[in-house]
Structure formats: structure tokens, C-alpha cells
Amino acid sequence: MTQERTLSIIKPDATRRNLIGKIITKFEDGGLKIVAQKKIQLTQKLAEDFYAVHKDRPFYSDLVNFMISGPVVVQVLEGDDAVIRNREIMGATNPAEAADGTIRKEFAESLEANSVHGSDSLDNAKIEIEFFFDKNEIVG
Ligand code: IDP
Ligand code: MG
């Protein structure tokens with residue numbers, strides 16, 4: 001097992017329903033440690049840039065509008081195999097397919113409003129962490 005860091009976002013559907021604490025508890029109980037965290041309002045430009053990898057997908061503009069519909073919590077999670085561990089704790093993208101006990105199974109409203117984002121690889125985790133955080137904002 002390797003110590004890794006990954007980027008997590010608690011999405012607007014979850015902040016709106018006051019679920020930040022319940023979601024953070026899932027990460028902590030799952031063995032991940034929060035080493036950076038801030039609640040922010042994304043701008044359209046930030047959301048477009050963050051999800052640029054999906055710009056040709058039919059859901060892109062809806063996704064950007066959803067991500068700016070309220071505040072988000074961006075955080076860096078650290079732990080053994082943090083990238084995969086975070087994805088396990090989150091559950092499948094579509095909550096209808098998410099395993100019992102996962103965040104998306106318990107809290108997601110829909111395929112789009114699925115409560116959390118998590119980096120999908122170690123390379124993307126590094127890019128996504130740098131997108132939101134300066135080095136001095138991360139304290140292990
Ligand atoms: P992930 O968040 O599990 O990595 P991605 O395929 O990277 O899933 O998609 C990014 C986000 O875009 C999803 O979390 C979800 O909010 C949204 N999304 C993905 N597929 C669809 C879709 O088919 N319709 C609407 N929104 C979608
Ligand atoms: Mg993804």
C-alpha cells in the first residue's frame with residue numbers, strides 16, 4: 001500500500017442539504033485523513049476548466065451549471081491507496097449502481113447530482129489538487 005493524496009469535492013446538492021459532516025465522517029471512518037479543506041463558490045470559468053475533460057460530452061453544460069448552483073467543499077484526502085479508497089467510499093457514478101454504505105448510495109439525488117467528486121487516477125489527483133490548493137494550504 002502506498003500513501004497517496006487525492007482531490008475530493010462535496011458537490012452543491014450535498015452542501016444544500018447540510019450533509020457536509022455526514023460525508024466527511026464516511027471518509028474519516030474509511031481511513032482517509034483530511035489534509036486540506038475549504039468551502040468555496042465555483043465560478044463558471046473554474047467549473048468549465050475543472051471539467052474540461054468532459055467538454056465534448058452531452059451533459060457538460062448541465063454539469064457546469066449544477067456545480068455552480070451553490071457552494072462546494074474542496075478537500076485533499078490522504079491515506080493508503082487514497083485514490084482508489086476514495087472512489088470505493090464514494091460508490092459508482094450512478095447512485096442506482098452504487099454499493100450499500102457508499103456516499104452516493106446513501107446521499108446522491110441523481111446521476112448528475114451525485115454528492116461527491118473524486119480524482120480517478122494518481123496523475124489526475126496531482127493535477128486536481130494543484131488546481132485548487134497552494135502547497136502551504138496542505139497540512140498533513
Ligand atoms: P465520476 O464523478 O464518478 O468520476 P465522470 O464520468 O467523471 O464520473 O463524470 C463526472 C460527473 O459528471 C459525474 O460525477 C456526474 O456528476 C456527471 N455525469 C456523468 N455522467 C453523466 C450523465 O450521463 N448525465 C448527467 N451527468 C453525468
Ligand atoms: Mg471523473
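The values are calculated or read from the model by the stated rules, or taken from the named source; none is laboratory data. As the structure is a computational prediction, the values presented were derived from the model and not from experiment. So basically every Cβ, Gly included, is an ideal-geometry build from the backbone, and we count neighbours across all protein chains shown. In case anyone asks, the SASA skips ligands and DNA or RNA and just uses the protein heavy atoms, side chains included. Shrake-Rupley method; radii C 1.70, N 1.55, O 1.52, S 1.80 Å.
A convex hull fitted around the alpha carbon atoms of the chain yields 103 Å³ per residue. Simple spin-label estimate for residue 137 and residue 105 gives 3.3 nm between the two label positions (7 Å along the Cα-to-Cβ direction from each Cα). For region 1-71, with all protein chains in place and a probe radius of 1.4 Å, 51% of the accessible heavy-atom surface sits on carbon or sulfur. Think of the chain as a dipole: +1 on every Lys or Arg Cβ, -1 on every Asp or Glu Cβ, centred on the Cα centre; then among 93, 35, 20, 20 lies furthest on the positive end. Taking all protein chains into account, the per residue accessible area for the chain stands at 53 Å² (1.4 Å probe).
About its Cα centre, region 1-95 has a charge dipole of approximately 340 debye under the convention of +1 per Lys or Arg Cβ and -1 per Asp or Glu Cβ, with nothing else charged.
Helix content alone sets the calculated 222 nm mean residue ellipticity of the chain: runs of n ≥ 4 DSSP H residues at -39500 (n - 2.57) each, divided across all residues, give -10500 deg cm²/dmol. Computed over the chain with a Gaussian network model linking Cα atoms closer than 10 Å, the most mobile of 18, 124, 94 is 18. Across 115, 69, the residue with the most accessible area heads the list, and the full order at a 1.4 Å probe is 69, 115. Relative to its Kirkwood radius, the Cα radius of gyration of region 64-140 gives an Rg/Rh of 0.98.
For region 1-102, the number of Lys pairs with C-alpha atoms closer than 21 Å, counting only pairs eight or more positions apart or on separate chains, is 13. Amide H contacts for residue 37 (H built 1.01 Å from N in the peptide plane; partners 5 or more residues away or on another chain; cut-off under 5 Å): 76.
Considering only 110, 44, 71, the residue lying farthest towards the positive end of the dipole of the chain is 71, judged by Cα position with unit charges set on Cβ.
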